[in-house]
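Written below as structure tokens is the structure these notes are about.
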Amino acid sequence: MKPANSILLLKTVLLAGLFAASTQCRADTGVDFEEDFSLPVAYINIVVDAGATNDPDSKLGLANVASRMLLRGTQKHAKLEFNELLNRLGGEFDLDVRDEGTVFAGAVLSENMEKFLTLVDEALSKPKFTAQELAKLKKETEGEILERKGNDKALLQYNHYRYLYGAHPYGHPLIGTQKGVRSINYKDILNYYAQHFSGRTMRLFGTGAVKKEVVQKWFTALTEKLNALHPEAKPVESLAVPAIASGRRTLLVDKPASTQAQVLMGGTGMRPEMPGFYAITLGNQPFGGHSFQARMMREIRVKRGWTYGASNAFRFGRQPKHYEQCPVQLRHLEEALGKRHDGIPHGFSARLLP
């Protein structure tokens, strides 16, 4: 990944989670763009203030499906034609649905920036929602959900988060559930678009070989159009602090044919503004950081060869989330956890969450 894009990604990850704070000062332009003419490329990330936590419990997957519908064709260009035009410009435009925000990420040769922005404007302000494309996308999404159930790591994360957070929206799977996706209809897509896409709910972060004024002028015009289209759109309400149960609890997702075990352990996390957050984050690096020099990696992989990787990380959003530790192979599970079968903690349950 190019250095400029790495900085943009870091900034977007940090600030997307803090969208509520950033929208309190709407006197700003909604644009944070750093000019960088070292390479003939430009990057933009448009952050929308809505994600999987905003999905109704009966329609898990709505944020994912509704946002992806914006890239299924516009009022001027069908999906394939739109993608071909992007390719001719040396550009790409995709999205990433997260817990508390959706990031539309684009990159293009800087000489084609204005034409590229015209296409992005089309996708975000003139989408063509059709029942046919919605049916296709729902079928594709259900297929992705089924595929993830066959992926041990994805299956573990899904069950871990839902078990850890219970009914709290942080437990919503980003991609949704089969039942939730099936329940999404055409009206749901229209309503979601109207509620979450406007200048009051979007910010732009970018960098590259383009004048900031060009990006600023374009984004202002885009958000003015969206404000006129969606006068009722507004930032989402803050989530409640998740109440993670105290004590040790264990969830076993039984998969008899599996040749390895995936393990996630974790508990209540922290927010960046909490006292000690940066100290404990820094202190965690030599213990569980993503490095071969970290103690967990040395002890579990390098010395014993039990797994491809072992780490410890803190997850946070607008509210404290959790910290987690990662997997070991089946034949070494008991040794790595330091307990036998009869030593499984209280609160043990064995089931697959819906």
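Residues of region 157-216 being under 30 Å from GLY266 (Cα atoms) and among the hydrophobic types (A, V, I, L, M, F, W, C), which ones?
Matches in region 157-216: LEU164, ALA167, LEU174, ILE175, VAL181.
Sort out for me the helices (runs of 4 or more DSSP H) sitting completely within region 129-218 that have 1 or more residues that are within 20 Å of PHE93 (Cβ to Cβ).
Values: elements: 131-149, 152-165, 178-183, 186-196.
Qualifying helices (runs of 4 or more DSSP H): 131-149, 186-196.
What's the number of the only condition in (1) in contact (Cβ under 8 Å) with a residue 40 or more places away in the chain; (2) surrounded by fewer than 16 Cβ atoms within 10 Å (Cβ to Cβ); (3) not aromatic (Phe, Trp, Tyr) that ILE280 fails to meet?
(1)
Which of the following residues is surrounded by 19 or more Cβ atoms within 10 Å (Cβ to Cβ), in contact with a strand residue (DSSP E or B) (Cβ under 6 Å, 6 or more places away or on another chain) and part of a helix (DSSP H, G or I): PHE104, PHE116?
PHE116
Those residues that are under 23 Å from the mean Cα position of the chain (by Cα) and either closer than 24 Å to ALA50 by Cβ or in a helix (DSSP H, G or I) (or both), I need them from region 85-99; list them, please.
GLU92, PHE93, ASP94, LEU95, ASP96, VAL97, ARG98, ASP99
Quick one: count up the residues across region 119-160 that are buried (at least 17 other Cβ atoms within 10 Å of the Cβ), among the small types (Gly, Ala, Ser) and at pLDDT 95 or above.
Residues flagged as buried (at least 17 other Cβ atoms within 10 Å of the Cβ), among the small types (Gly, Ala, Ser) and at pLDDT 95 or above within region 119-160 amount to 2.
Which one is nearest to PRO127 (Cα to Cα) among residues in region 57-76 that are in contact with a Leu (Cβ under 7 Å, 6 or more places away or on another chain) and not in a helix (DSSP H, G or I)?
Among residues in region 57-76 that are in contact with a Leu (Cβ under 7 Å, 6 or more places away or on another chain) and not in a helix (DSSP H, G or I), the one nearest to PRO127 (Cα to Cα) is LEU70.
Quick check on this structure: which one of PHE205, PHE197 is in contact (Cβ under 8 Å) with a residue 12 or more places away in the chain, surrounded by 20 or more Cβ atoms within 10 Å (Cβ to Cβ) and within 17 Å of the chain's Cα centre (by Cα)?
On the way: PHE197 fails: within 17 Å of the chain's Cα centre (by Cα).
It is PHE205.
Restricted to region 233-252, and to residues that are surrounded by 12 or more Cβ atoms within 10 Å (Cβ to Cβ), in a loop (DSSP other than H, G, I, E, B) and among the aliphatic types (A, V, I, L, M), which residue is farthest from the chain's Cα centre (by Cα)?
ALA245
Residues that are more than 30 Å from ASN54 (Cα to Cα) and in a strand (DSSP E or B): does region 263-283 have at least one?
no
The values are calculated or read from the model by the stated rules, or taken from the named source; none is laboratory data. For clarity, every value in this text was computed on a predicted model and none was experimentally measured. Methodologically, a virtual Cβ is constructed for each residue, glycine included, from the backbone with ideal geometry; neighbour enumeration extends over all protein chains shown.
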